[in-house]
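Notes follow the structure.
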Amino acid sequence: MDLASRYKGVVGLVFGNENSASNEDSYVERLLDRISNGVLAEDRRTAMTELQAIVAESNAAQLAFGAMGFPVLVGVLKEERDDIEMIRGALEALVSALTPIDHARGPKNEVQPALMNTDLLSRDAENISLLLSLLSEEDFYVRYYTLQLLTALLTNSPNRLQEAILTIPRGITRLMDMLMDREVIRNEALLLLTYLTREAEEIQKIVVFEGAFEKIFSIIKEEGGSEGGVVVQDCLELLNNLLRNNSSNQILLRETMGFDPLISILKLRGSTYSFTQQKTINLLSALETINLLMMGGSEADPGKDTNKLTNKTVLVQKKILDYLLLLGVESQWAPIAVRCGALRCTGNLIAGHPKNLDALATKVLGEEPQVEPALNSILRIILRTSSMQEFIAADHVFKSFCERNSDNQTMLASTLIPQPHSMNDAPIEEDINMSFGSMLLHGLTLSESDGDLETCCRAASVLSHVLKDNIQCKERVLRIELESPLQSLGSAEPLMHRMVKYLALASNMKNKDGKSSPTGKLYFQPLILKLLITWMADCSNAVQCFLDSRPHLTYLLELVSNPSATVCIRGLAAVLLGECVIYNKSGESGKDAFTVVDAMSQKVGLTSYFLKLEEMIGSSIFSCAKPAEPHKPLTRSVAASMEEIEDVDEQDSSDHKNEDHPILSSIFDVSFINFVKRVETDIRETIADIYSRPKSEVAVVPAELDQKSGESDKDYIKRLKSFVEKQCSEIQNLLGRNATLAEELAKIGGIGSSQAEQRARGSERVQAETLRRDLQEASQRIEMLKAEKAKIESEASMYQNLAGKMESDLKSLSDAYNSLEQANFHLEKEVKALKNGGASIVPDIEEIKAEAREEAQKESEAELNDLLVCLGQEQNKVEKLSARLLELGEDVDKLLEDIGDDMGLPENDDEED
């Protein structure tokens, strides 16, 4: 009863009233005792009913039941299968014990007994097996309560239940059989399978093997397709769980049932003007299924791309493009979420698929005589819609249509023909008979008269797709000239100049009611800047057209350093300014790259300029960019809150004046962000290169070089010499300034960026030559030291040999001296013997001894003096060599060890007797 004690303690802790908790415990305990030990069947059933009622209403009762009740009720389910009433009551009581009780005023950290009970029941896999076996019972309520109980277990402990079901033979088969049961049972089983297949790939495979596709589409058809209720939503959610990131299931669906049952859900039945909330959710779920098929499978699947193309081909063959255009373009009465979902599907359907691109290009909408190409209708949505989400979805269609497809870009650009000025004043509603290009130019130039630049900025986004990575289209659009609004203003102006003018107007934009709109400019200027950046990329003529008007460069420099602009606006303006440098091929003074860089250095400063680029690349829009991902699955909880079908971008963000608009994260795709990052690196390298070398050409010859009238040749030569000296001094100053700026630029390039290795190349170029020279000098110095060291080592070896020879000579001299002493000793001994033998005949021994000693001493002293002279000379040499070896770091003691150990001169005292 440790578990029971723990639960009782929790009850007292949570509810604070031990008496109340104790009463609940004792009441539940009495009921369980009646159920397990009762004699009368009716009394046991009554106790079961009372137990279910109190567990459904009281948290304390749920806790008490978890401590004591599971063994009792599980025993009933195992042993009393014949008593249907008891089985029903036990299942209903278990469902109540696992269902959370909603207490609005309860504390946030309140213990959840339903979760505890779920954990207790799901710990034993035999309990799951027992519940699945109950699904084969004939009684309706037994099957119904069993499914509810399994759903409650799955909601609170999904992983444990999934693992248990996989280990039970025919466990999923029994659940799939419930889809063919009565409607209520079927709906519960459908909900259970939806939860069960969300993350379990093995269960998904078994469910598909058991014929899930046929049963799902059969239920959808029976419920009325998109007009059906929440059951259709559950069917589509289960279908999406089976197809998400699973190419094998997608192939199985395509090759067995095909896509016709899915496409038929998109057909509008009944009153096409009637869109209930449930119908909207059903259509969104079906569109999500289409998107999953167009993803092809998981990223790790090697056959993903092939499966994706095949799915797109089959979908278009089944005429899905007609239904998507009907929902997204023609059904303007449809909810905004449905229109956006259909447009996103259309863009995904044509992306990277040439045949589908051609199908959309040739598609016409409407009825005779008012028919027009589908692309024109989608462009009109972009120019007219009041929904930000719909603009983004329609813009995605044109991005997919133009991406890596120069033929489609050229086709659209060929229709860009300016209309007469009288047509420019026509309202945009009368553009039904215009070509695509005329409508686009009309949108680009309409905003000035209306005082609202939103239409112009949206048209600029479409034009950027047409121009991206296509030099021919850029050159063609560059030649477009617009008539001046007033004849008195003179000749026509290029389209690019008009866009720059709108860029300046966007910062002071007014709404149609005359009020300023700080919210609008947060994304208007970035859209125009994106167009200009795309236009000028790799196009020197576009750069020159931009620089033809000198105020353009001045305004751009002001925009880069404008403190009231957002990080994104300043950064994009800095990128555009950098493109005026790296793509500038002009040699004309005042418009060349050197002039632009010089203006940047003087007006903005290189440090500040590069800081703007780094701030933008480090911002959330650029740093968090990832490939486009599908929206989160449309589950029941998401659909209930309707988060996916509301146009949330209409919120007022005027309080965030210096923050970037959230729309930019959708408009600035991964390819554009990566392009900006590459250009930023090129800008650093080009500016470093320009500042590392002098200006190569001098376009103007100074007047001082001409000889003045009446000036003598001598004076003329003297003046020229002075002029040349002055020019040389200025050149030297400029070269020094350029070198300093180049070093500063190289250092700046490595600060605060994730691309440190790329930016360090500027610094390496500046320092490479110096480092190379230092390395060469160091190598030469090392070679000289090596040669000197070898020479000294040779001399040391020679002196070591000489010292050995001197040691040998000293040893020989010592031996001779010792032999002489020995002879002297013998002579003295003989003298003593003779002296003892007879004194009369003995000569003067003392005199003879003195003479011999004197002669030997003279001889030895002469030899010793010569030896000492030699030793003094050699000692001087040894001292000099030792000092030199110490300078070179050699160990002198080690070289001279063992030398002189046995050497030594006899002292004078040894000569005496």
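The values are calculated or read from the model by the stated rules, or taken from the named source; none is laboratory data. What you see is a predicted model, and the numbers here were worked out from it, not measured in a lab. Glycine also receives a Cβ, built like all others from the backbone with ideal geometry; neighbour counts cover every protein chain displayed. We work out accessible area using only protein heavy atoms, side chains counted, and drop any ligands, DNA or RNA first. Shrake-Rupley method; radii C 1.70, N 1.55, O 1.52, S 1.80 Å.
Here is the link list: Lys791/Lys877; Lys805/Lys894; Lys319/Lys355; Lys791/Lys811. Which ones come out longer than 23 Å on Cα distance? In this structure, Lys791/Lys811 exceed 23 Å between Cα atoms.
Would you work out if the stretch 345-414 is rounded, prolate or oblate? Take a ≥ b ≥ c from the square roots of the eigenvalues of the alpha-carbon gyration tensor; rounded if a/c is under 1.5, else prolate when a/b is larger than b/c, oblate otherwise. Each step should come with its number before you reach the end.
Values: a/c = 1.66, a/b = 1.13, b/c = 1.47.
Oblate, since a/c reaches 1.5 and b/c is not below a/b.
Which FRET efficiency value, to the nearest 0.05, do you get for Thr607 and Arg678 by plugging their Cβ-Cβ distance into 1/(1 + (r/R0)^6) with R0 = 25 Å?
On the way: r = 22 Å, r/R0 = 0.88.
For Thr607 and Arg678, the calculated efficiency is 0.70.
Using a ≥ b ≥ c from the Cα gyration tensor of the stretch 248-389 (square roots of the eigenvalues), is it rounded, prolate or oblate, where a/c under 1.5 gives rounded and otherwise the larger of a/b and b/c decides, a/b for prolate? Judged from the Cα gyration tensor, the stretch 248-389 comes out prolate (a/c at least 1.5, a/b above b/c).
Using only side-chain charges placed at the Cβ, +1 for Lys and Arg and -1 for Asp and Glu, the dipole size of the stretch 138-295 relative to its Cα centre rounds to 200 debye. A simple spin-label model places the labels of Glu711 and Phe825 11.1 nm from each other, with each point 7 Å out along Cα-to-Cβ. Here the extension length gained between Lys811 and Glu558 equals 81.4 nm, from 0.36 nm per residue of separation less the Cα-Cα distance.
Using a 1.4 angstrom probe on heavy atoms only, work out the carbon and sulfur share of the accessible area of the stretch 222-402 in %. List each step's numbers first, then the result.
Numbers: 3390 of 6490 Å².
For the stretch 222-402, the apolar C and S fraction of the accessible surface comes to 52 percent.
For a test of the definition: using alpha carbon positions, the gyration tensor, and the 1.5 limit on a/c, classify the stretch 182-330 as rounded, prolate or oblate. Oblate, because a/c is 1.5 or more while a/b does not exceed b/c.
Give, in nm to one decimal, the length gained when the segment between Ala850 and Leu166 is fully stretched (0.36 nm per residue of separation minus the Cα-Cα distance). List each step's numbers first, then the result.
Details: separation 684, 0.36 × 684 = 246.24 nm, distance 12.69 nm.
Working it through step by step, the gained length comes to 233.5 nm.
Length gained on full extension, Ser36 to Ala790, computed as 0.36 nm times the residue gap minus the Cα-Cα distance: 260.9 nm.
For the residue pairs Lys215/Lys363; Lys603/Lys718; Lys835/Lys858, the alpha carbons lie more than 30 Å apart in Lys215/Lys363; Lys603/Lys718.
For the peptides 168-177, 857-866, 238-247, what is the packing order when you average, over each peptide's residues, the other Cβ atoms within 10 Å and list the highest mean first? Can you show the working numbers first?
Working: 168-177: 16.9, 857-866: 11.9, 238-247: 22.2.
Highest to lowest by the protection proxy: 238-247, 168-177, 857-866.
For the pair Thr173 and Asp301, a Förster radius of 30 Å applied to the C-beta separation gives a FRET efficiency near 0.60, rounded to the nearest 0.05. Spin-label model, Glu138/Gln112: points 7 Å from Cα along the beta carbon direction are separated by 4.0 nm.
In debye to the nearest 20, how big a dipole does the stretch 222-402 give about its Cα centre with +1 on each Lys and Arg Cβ and -1 on each Asp and Glu Cβ? Kindly include the intermediate steps, with their values, before the conclusion.
Values: 17 positive and 19 negative charges, 69 e Å.
Dipole magnitude for the stretch 222-402 comes out near 340 debye.
Suppose R0 equals 41 Å. What FRET efficiency, 1/(1 + (r/R0)^6) with r the Cβ-Cβ distance, do Leu720 and Ser507 give to the nearest 0.05? It would help to have the intermediate numbers written out before the result.
Values: r = 52 Å, r/R0 = 1.28.
My answer for the efficiency is 0.20.
Accessible surface for the stretch 222-402, divided over its residues, is 36 Å² per residue with a 1.4 Å probe.
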